[in-house]
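Presented below is the structure to which this report refers.
Every read-out reported here was derived from the displayed coordinates using simple, explicitly stated rules and does not represent laboratory data. These numbers were taken from a predicted model, which means no experiment stands behind them. Using ideal geometry, Cβ is built from the backbone for each residue, glycine included, and neighbour counts are taken over all protein chains shown.
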Amino acid sequence: MDTATPTIQLAYALDTFYLLISGALVMWMAAGFAMLEAGMVRTKSVAEILTKNIALYAIACVMYMLVGYNIMYGSSDSSWLPNLSFFLGEDHSVAQVGNSHGDITHSKLADFFFQVVFVATAMSIISGTVAERMKLWSFLLFATVLTGFIYPVEGYWKWGEGFLDQHGFLDFAGSGVVHMAGATAALAGVLLLGPRAGKYKTLDNGKVQIRAIPGSNMPLAALGTFILWLGWFGFNGGSELRISDIVESNAVSLIFVNTNMSAAGGVIAALLLARLWFGKADLTMALNGALAGLVAITAEPLTPTPGLAAAIGAVGGLLVVSSIVFFDRVLRIDDPVGAISVHGVVGMWGLLAVTLSNPESSLSAQLLGIAVIFAWVFISSFVVWLLLKLTIGLRISELDEYQGADIAEIGLEAYPEFVQK
């Protein structure tokens, strides 16, 4: 047959529409990251961090269209080395869908749209980690390389049916491919960049004084977290790719419930640990607990029960509080938003937690995936960051940092009324 039946066409249209709406929800996560980071940085750096967020999204879209999508999902004779080709091809024809025997379930362009918002998410993780002291154009040049080449290669190894997929590594929606990868690139950058001025001060007795630098706007940070929580239903639910029959509809419903329960578990666990550890509830830890729960369940949101999903999120919440304190007080790594802990440490936990519920998983395959993704992203990112540091530089000047990245990099302030004239 050379045409698709009405039933096939209806299923194709429904699944395509579901994927597009899911992608739109994930795109809205860009607003969540922007609001979260704007709230967690100081007033003098808000306009600059917002500029980074909208610019990185645009760069991700263009680079993934030019080359990234084809690297990640193009054909290749090697499970290690993807092919290099450019631009998007034509969409499926009616005849192709009708002759596919059900293998083609949605539009190719819908798939591109759904995937491009994922690569933008990975890059958004980095902007908060390097906030308040990195040059805008150095950051955007790195975004060009990561979204066009670094991310698509490791994405090919798993979702493009590369060698990680062939070795049984499981990552349903991207605890490793997206979140751990973004955090790893951020770690490589911040090691070369260094902490914000005044964050760590060595005293005369040799001890290091750690200065807390509060964010400018906690309502914005909370709003950003809720937006991310909402967008995550598209992130995880859309990764099922189909909703046009009873089995798939039930699967998507369970994914939504598990995603929600894991976030809730993360909030409660992080809030309780902060109360026991610090003596008071900590809003920033509660917000990061929610994100930790969401990251933790992303690797496998389908096979756990809702109770297990809440437990996986709770472990993520405990880990994120401990990790943020460890990076700050022990390693002296300045991460204004806690992204390395939320997306990196908890991303690893999410990949390991797959073995708790998915009978097809193996610990060795999950450890292999963690090691390979971390090694590739860290080494390649470190090289790019280093080249930028040696050429145009990574960091704004000490005076510019004191005055604020808004004035130094953007030429305007997010809150001009707050500045004394």
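Take the chain, connect every pair of alpha-carbon atoms lying under 10 Å apart with a spring to form a Gaussian network, then pick out the residue of Asp335, Asp204, Asp282 with the largest mean-square fluctuation.
Asp204
Classify the stretch 112-168: rounded, prolate or oblate, from the alpha-carbon gyration tensor (a ≥ b ≥ c, eigenvalue square roots; a/c under 1.5 rounded; otherwise prolate if a/b is larger than b/c)?
Because a/c hits 1.5 or more and a/b exceeds b/c, the stretch 112-168 counts as prolate.
Calculated FRET efficiency, Leu390 and Tyr415, Cβ-Cβ r, R0 35 Å, to nearest 0.05?
After rounding to 0.05, the efficiency reads 0.50.
Treating the Cα atoms of the stretch 23-107 as identical point scatterers in vacuum, please give the log10 of the normalised Debye intensity I(q)/I(0) at q = 0.18, 0.21, 0.25 Å⁻¹, two decimals.
-0.93, -1.03, -1.14
Identify which of Tyr73, Tyr57, Tyr402 has the largest mean-square fluctuation in a Gaussian network model of the chain, with springs joining Cα atoms closer than 10 Å.
Answer for the Gaussian network model of the chain: Tyr402.
Taking the chain as the reference, fit the longest principal axis to its C-alpha atoms, fit the long axis of helix 218-237 to the helix C-alpha atoms, and give the angle between the two in degrees, 0 to 90, nearest 10.
Helix 218-237 and the main axis of the chain meet at about 20 degrees.
Counting helices only, and only those DSSP H runs with n ≥ 4, report the 222 nm mean residue ellipticity of the chain as the sum of -39,500 (n - 2.57) divided by its residues, in deg cm²/dmol to the nearest 500.
Roughly -20000 deg cm²/dmol at 222 nm, from the helical runs in the chain.
Express the C-alpha Rg of the stretch 49-174 as a ratio against the empirical globular expectation 2.2 N^0.38 Å, rounded to two decimals.
1.16
Let me know the shape class of the stretch 360-421, please: from the alpha-carbon gyration tensor, a ≥ b ≥ c as square roots of the eigenvalues, rounded when a/c is under 1.5, otherwise prolate if a/b is greater than b/c, or oblate.
Note, shape of the stretch 360-421 comes out oblate.
Hey, if you put +1 on the Cβ of every Lys and Arg and -1 on every Asp and Glu Cβ in the chain, which of His101, Val252, Thr7 ends up farthest toward the positive end of that dipole?
Going by the Cα projections, it comes out as Val252.
For a quick check, take a GNM of the chain with Cα springs below 10 Å and name the residue from Arg332, Arg242, Arg275 with the largest mean-square fluctuation.
Greatest mean-square fluctuation among the candidates belongs to Arg275.
The stretch 144-183 to the stretch 276-343: how many Å between their Cα centroids?
One Cα centre to the other: 22 Å.
Could you tell me what a quarter of the Cα convex hull surface of the chain works out to, in nm² with one decimal place?
22.0
Once the piece of chain linking Ser364 and Ala24 is laid out straight, how much longer is it, given 0.36 nm per residue of separation minus the C-alpha distance between them?
Difference between extended and current length: 118.9 nm.
Between His167 and Leu283, 0.36 nm times their residue separation minus their Cα-Cα distance comes to what?
Between His167 and Leu283, full extension yields an extra 37.7 nm.
Positive end of the charge dipole of the chain (Lys, Arg +1 and Asp, Glu -1 on Cβ, about the Cα centre): tell me which of Trp385, Trp229, Val145 has its Cα farthest that way.
Projecting each Cα onto the dipole axis, the largest value belongs to Trp385.
What size of dipole, in debye to the nearest 20, comes out for the chain about its Cα centre when the only charges are +1 on Lys and Arg C-beta atoms and -1 on Asp and Glu C-beta atoms?
1640
Treating the angle as unsigned and between 0 and 90°, give the value, to the nearest 10°, between the Cα long axis of helix 363-391 and the longest Cα principal axis of the chain.
Long axis of 363-391 versus the principal axis of the chain: about 50 degrees.
What is the stretch 6-418's relative contact order, in percent, from Cα pairs under 8 angstrom and six or more apart in sequence?
25
Among 311-318, 206-213, 5-12, how do they line up by average Cβ neighbours within 10 Å per residue, starting with the highest?
Taking the mean over residues of other Cβ atoms within 10 Å, the ranking is 311-318, 5-12, 206-213.
Would you mind ranking Met35, Met65 so that the residue whose beta carbon has the fewest other beta carbons within 10 Å leads the list?
The order, fewest Cβ neighbours first, is Met65, Met35.
Using unit Cβ charges (K, R positive; D, E negative) and no other charged atoms, how large, in debye to the nearest 20, is the dipole of the stretch 1-129 about its Cα centre?
640
If the limit is 32 Å between Cα atoms, which of Lys44/Lys201; Lys52/Lys199; Lys201/Lys389; Lys280/Lys389; Lys108/Lys389 go over it?
Distance filter (> 32 Å) returns Lys280/Lys389; Lys108/Lys389.
Cα axis of helix 306-325 to longest principal axis of the chain: angle in degrees, 0 to 90, nearest 10?
The angle comes out at about 30 degrees.
Under the classification rounded if a/c is under 1.5, otherwise prolate if a/b is larger than b/c and oblate if not, where does the stretch 306-407 fall, given a ≥ b ≥ c as square roots of the Cα gyration tensor eigenvalues?
Note, shape of the stretch 306-407 comes out oblate.
Give the residue from Leu192, Gly155, Leu203 lying farthest towards the positive end of the charge dipole for the stretch 92-208; charges sit on Cβ (+1 for Lys and Arg, -1 for Asp and Glu) and the dipole is referred to the Cα centre.
Looking along the dipole axis, the top candidate is Leu203.
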